[in-house]
Amino acid sequence: MDEQQRQLAEDNTHLIRKAVNQIGRRLPSYIQREDLLGVAAIGLMDAATKFDAERGSRFSSYAEFRIKGAILDELRKMDWVPRSVRADTNKH
């Protein structure tokens, strides 16, 4: 991670807590928010390294998307019920 990418990540650390709070409201109490904060931080660093300013989007928008995606990926890994079963359950 170069200096510019590191600065992007540092300037947008507030997005980590914002994403965890948004997603965390809908989660059961046994899921620790501290774990999600770590995953969200990794998502922010990943966003900083992969961001392409020439595509015309704002970094904050891109980073929010990547952070939430990282959190959701982690939640899927933690879930012992396959997604297909959850989808079938939610249909009924």
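The values are calculated or read from the model by the stated rules, or taken from the named source; none is laboratory data. The shown structure was predicted, so the numbers you read here are calculated from the model rather than taken from an experiment. All Cβ positions, glycine included, derive from the backbone under ideal geometry; neighbour counts span all protein chains shown. Keep in mind that these areas ignore ligands, DNA and RNA; they rest on the heavy atoms of the full protein, side chains included. Shrake-Rupley method; radii C 1.70, N 1.55, O 1.52, S 1.80 Å.
For the chain, the per residue solvent-accessible surface stands at 73 Å², with DNA, RNA and ligands left out and a 1.4 Å probe. For the chain, the longest principal axis of the alpha carbon atoms and the long axis of helix 33-50 meet at an angle near 40°. Start at zero, step by 10 Å, and the Cα-Cα distances of the stretch 9-92 spread as 17, 44, 27, 12, 1 percent across the bins.
Considering only LEU8, ILE71, ILE23, and ranking their Cα positions along the charge dipole of the chain that arises from unit charges at the beta-carbon of Lys, Arg, Asp and Glu, the one farthest toward the positive end is ILE23. On full extension, the segment bounded by ILE42 and GLU3 gains 12.4 nm, given 0.36 nm per residue less the C-alpha separation. Charges were assigned to the Cβ only: +1 to each Lys and Arg, -1 to each Asp and Glu. The resulting dipole of the chain about its Cα centre is roughly 560 debye.
Rounded to the nearest percent, how much of the accessible area of the chain (1.4 Å probe, protein heavy atoms only) is carbon and sulfur? In the chain, the share of accessible area belonging to carbon and sulfur is 51 percent.
Please give the helix 59-78 orientation as an angle from the longest Cα principal axis of the chain, in degrees from 0 to 90, rounded to the nearest 10. Taking the Cα atoms of the chain, the angle to 59-78 is about 30 degrees.
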